[in-house]
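Chemist: This is the structure I want to talk about, given as structure tokens.
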Amino acid sequence: MVDKEAMVFAVQRLRAADGTSLSFTVLGEDGLPVEAVEVFLAHLESKGSSPHTVEAYAYDLKDFFTWLDQEELRFEDVGLEQLSYFFSWLRRPERLRARGVFMLPGIEPAVANTTLVRKRAALASFYRFHSRRDPNVPALLGELVEARPTGRFVPMLAHTRRGRPRSEAYSPIRIHAHRRAPKTLTDDEIAALIAACTKLRDRFLVRLLDASGLRISEALGLRHADLRLRSGEIRVTAREDNANGARVKGMKDRLVPVGSGLLDSYGDYMESEYKALDSDFVFVNLFREPLGVPMTRANVKDLCARLRRRTGIGHFHSHALRHSYATRLLRAKVPVEVVAELLGHASTQTTSSTYSHLSVEDHRRILVEAGVIDREELAL
């Protein structure tokens, strides 16, 4: 087989001429979209996936098609054994991702297992989609429709399944990713973050996320009419026309009760900074061009970086406020079904698995209080 230079694949951001929609595609060396990826990403958009999800899948598939090109393979002809080599390739540092290069034992993997699990999910979805379009394409990394084999073997991501398995293939590729306890913030840290905000808009955003547990994309998509602060509730509304690409996950509407204290913070923001600006969006650019356009995830990422520098709270990010909100509710013995509904989770299993560490900590506290575990030993 003749060696050839690997193609350069790249993710391209796409925006409609009117600026109202955002999408992504993967380009090959010729500068044209890779057709198999393009139709799959279009499918994701058509079923309501958020631009953030489409972007993540585009980068995952860019890596996959880079590897396919190096190995001179077509995606239709790849089998599970070959696919296992792709995951080994992903674990290498980028400078070692070349054909004929082998990584010696002991070198730290460049990609965490949690990232590999996400990339596996992207490939599974990609192959399921194409197997439905073309019977010659195997549904790699799918699930078993018949009875599962007996024994100790458990397929990767089996714990995430809901309902009956739907695809036709069975995957022996396993990646063990232990879920880490989500990073949360103490009351003092949240107070420090709020105090570090130099703009009333930013202060209101932090307070809102802390009081409601909204995802940042949900907060950025809020309209003024969604804030019913006098009655103490926020309406999370699924919309597809947000100019900043903000999207409610799963396109699931919900109402989130909040305390009346948010009303004052919102009023200060409206009176002192927002003023007579003509926009439906709550969070907009006010201090640099283009003025009045809705804030984006990139804007919030920059804000979080500034707050980390000012406060020294290195683990702060917008999602940490959501984790802190959920942790407070569960610590207060709010039923997990209610917490799942408030967070907009698809099922209580998602909530329970994400915050499973809380039950361990609660059990430890009970054992300490009962004298089964010595407090001094616990501190060692």
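Chemist: Can you report the number of residues in segment 312-334 which are at pLDDT 95 or above, in contact with a Leu (Cβ under 8 Å, 6 or more places away or on another chain) and either part of a loop (DSSP other than H, G, I, E, B) or over 19 Å from residue 208 (Cα atoms) (or both)?
Modeler: Residues meeting the conditions: 2.
Chemist: Go through segment 63-84 residue by residue and tally those that are touching a Leu at 6+ places or on another chain (Cβ under 9 Å) and either closer than 27 Å to residue 13 by Cβ or in a loop (DSSP other than H, G, I, E, B) (or both).
Modeler: The number of residues fulfilling the criteria is 7.
Chemist: Mind checking which pairs have a first residue in segment 356-367 that is over 12 Å from residue 181 (Cα atoms) and a second that is aliphatic (A, V, I, L, M) and modelled with pLDDT of 75 or more, Cβ under 6 Å, 6 or more apart or different chains?
Modeler: 367/373
Chemist: Next up: Within segment 303-323, track down each residue that is in contact with a Cys (Cβ under 8 Å, 6 or more places away or on another chain) and among the hydroxyl-bearing types (Ser, Thr, Tyr).
Modeler: Scanning segment 303-323 gives a single hit, 318.
Chemist: Residue under question is residue 233, and the condition is that it be surrounded by fewer than 13 Cβ atoms within 10 Å (Cβ to Cβ) and in the same structural domain as residue 200 (by TED's automatic domain parsing); does it hold?
Modeler: no
Chemist: What number of residues within segment 217-270 are small (Gly, Ala, Ser), under 23 Å from the mean Cα position of the chain (by Cα) and at pLDDT 85 or above?
Modeler: Here the count works out to 4.
Chemist: Using beta carbons and a limit of 9 Å, which pairs, at least six apart or on different chains, have the first residue in segment 28-40 and of a type in the set (Phe, Trp, Tyr) and the second one not in a loop (DSSP other than H, G, I, E, B)?
Modeler: Pairs found: 40/57; 40/61; 40/125; 40/126; 40/129; 40/130.
Chemist: Separate question: Is it true that residue 345 is crowded, with 19+ Cβ neighbours inside 10 Å and outside any helix (DSSP H, G or I)?
Modeler: In short, yes.
Chemist: Which of the residues belonging to segment 271-298 are free of Cβ contacts under 8 Å to residues at least 60 places away in the same chain and among the polar types (S, T, N, Q)?
Modeler: Those that are free of Cβ contacts under 8 Å to residues at least 60 places away in the same chain and among the polar types (S, T, N, Q): 279, 285.
Chemist: Sticking with this one: Can we say residue 305 is out of contact with any helix residue (DSSP H, G or I) (no Cβ under 8 Å at 6 or more places or on another chain), within 25 Å of residue 188 (Cβ to Cβ) and buried (at least 18 other Cβ atoms within 10 Å of the Cβ)?
Modeler: No: the conditions fail for residue 305.
Chemist: Can I ask one more? Of everything in segment 49-61, what is under 20 Å from residue 298 (Cβ atoms) and part of a helix (DSSP H, G or I)? Give them in sequence order.
Modeler: Selection gives 51, 52, 53, 54, 55, 56, 57, 58, 59.
Chemist: Residues in segment 51-62 that are of a type in the set (Ser, Thr, Tyr) and in contact with a Leu (Cβ under 9 Å, 6 or more places away or on another chain): how many?
Modeler: 2
Chemist: Scanning segment 207-246 for residues that are part of a loop (DSSP other than H, G, I, E, B) and hydrophobic (A, V, I, L, M, F, W, C), which turns out nearest to residue 261 (Cα to Cα)?
Modeler: 229
Every residue, every condition in (1) farther than 30 Å from residue 317 by Cα; (2) surrounded by 12 or more Cβ atoms within 10 Å (Cβ to Cβ); (3) modelled with pLDDT under 80; (4) out of contact with any Pro (no Cβ under 7 Å at 6 or more places or on another chain), yes or no:
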residue	(1), (2), (3), (4)
72	yes, yes, no, yes
105	yes, no, yes, yes
129	yes, yes, no, yes
138	yes, yes, no, yes
144	yes, yes, yes, no
151	yes, no, yes, yes
173	yes, yes, yes, yes
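Chemist: Sticking with this structure for a sec: Look through 126, 87 and report the one residue that is closer than 17 Å to residue 35 by Cα, under 21 Å from the mean Cα position of the chain (by Cα) and not in a loop (DSSP other than H, G, I, E, B).
Modeler: 126
The values are calculated or read from the model by the stated rules, or taken from the named source; none is laboratory data. Keep in mind that this is a model prediction, so the values were computed, not measured. Don't worry about glycine lacking a Cβ; one is built from the backbone with ideal geometry, like all the others, and counts go over all protein chains shown.
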